[in-house]
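The values are calculated or read from the model by the stated rules, or taken from the named source; none is laboratory data. Predicted, not measured: the structure shown is a model, and the values here were computed from it. Cβ atoms come from the backbone with ideal geometry, glycine included; neighbour counts cover every protein chain shown.
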């Protein structure tokens with residue numbers, strides 16, 4: 001009885017791991033999509049309205065609720081006494097997010113351009129980053145579709161195999 005319960009529990013862990021990995025792939029694709037919206041909005045705000053950086057952060061935080069924590073973190077870090085600068089605060093806020101190294105590098109480039117150059121150069125940099133991020137997003141969607149299904153199937157197969165081996 002105890003052996004059966006343990007086998008089922010171990011099998012469930014494998015199934016959970018497969019489904020969790022698949023959901024992480026989907027989450028990355030969704031996060032990139034949200035960042036695309038934020039980068040586009042920032043490009044518009046800077047390119048047409050010449051919005052100042054502190055005001056831009058407030059607008060992005062209000063208009064992009066899924067990234068509100070990200071922008072709040074930037075505001076907190078940016079205004080600390082051990083001043084990192086905007087680009088450093090932006091890169092630090094990217095660390096806990098479910099992104100690949102390439103995603104972080106692209107988004108870090110966007111943060112490095114904000115507030116550093118004139119409005120036209122910032123808008124051009126954000127447009128370039130947006131185009132590259134769009135390609136990353138498409139690749140992430142494809143990966144989530146293909147690899148997500150594979151991860152779920154492997155999780156279930158590993159769970160069933162574990163149960164069979166234990167019993």
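Looking at 105, 157, 144 in this structure, which one is over 28 Å from residue 50 (Cβ atoms) and under 14 Å from the mean Cα position of the chain (by Cα)? Don't jump to the end; show me each part of the working.
Numbers: 105 fails: over 28 Å from residue 50 (Cβ atoms); 157 fails: under 14 Å from the mean Cα position of the chain (by Cα).
So the residue among 105, 157, 144 that is over 28 Å from residue 50 (Cβ atoms) and under 14 Å from the mean Cα position of the chain (by Cα) is 144.
Kindly provide the set of residues from segment 37-73 that are under 15 Å from the mean Cα position of the chain (by Cα) and either farther than 22 Å from residue 132 by Cα or buried (at least 17 other Cβ atoms within 10 Å of the Cβ) (or both), ordered by number.
Residues of segment 37-73 under 15 Å from the mean Cα position of the chain (by Cα): 37-39, 64-71, 73.
38, 39, 64, 65, 67, 68, 69, 70, 71, 73 - these are the residues of segment 37-73 that are under 15 Å from the mean Cα position of the chain (by Cα) and either farther than 22 Å from residue 132 by Cα or buried (at least 17 other Cβ atoms within 10 Å of the Cβ) (or both).
Does residue 162 count as touching a residue at least 60 places away in the same chain (Cβ under 8 Å) and closer than 30 Å to residue 8 by Cα? I'd like the intermediate steps shown before the answer.
On the way: touching a residue at least 60 places away in the same chain (Cβ under 8 Å): yes; closer than 30 Å to residue 8 by Cα: yes.
So residue 162 passes the test.
Can you work out which of the residues in segment 29-82 that are farther than 23 Å from residue 119 by Cα and assigned to a loop (DSSP other than H, G, I, E, B) is modelled with the highest pLDDT?
Out of the qualifying residues, it is 80.
Can you say whether residue 115 is touching a helix residue (DSSP H, G or I) at 6+ places or on another chain (Cβ under 7 Å) and assigned to a loop (DSSP other than H, G, I, E, B), as far as the supplied structure shows? Explain how you work it out, then say what you get.
On the way: touching a helix residue (DSSP H, G or I) at 6+ places or on another chain (Cβ under 7 Å): yes; assigned to a loop (DSSP other than H, G, I, E, B): yes.
Yes: the conditions hold for residue 115.
What about residue 151, is it in contact (Cβ under 8 Å) with a residue 12 or more places away in the chain and either outside any helix (DSSP H, G or I) or surrounded by fewer than 14 Cβ atoms within 10 Å (Cβ to Cβ) (or both)? Steps first, please.
On the way: in contact (Cβ under 8 Å) with a residue 12 or more places away in the chain: yes; either outside any helix (DSSP H, G or I) or surrounded by fewer than 14 Cβ atoms within 10 Å (Cβ to Cβ) (or both): no.
It is false that residue 151 is in contact (Cβ under 8 Å) with a residue 12 or more places away in the chain and either outside any helix (DSSP H, G or I) or surrounded by fewer than 14 Cβ atoms within 10 Å (Cβ to Cβ) (or both).
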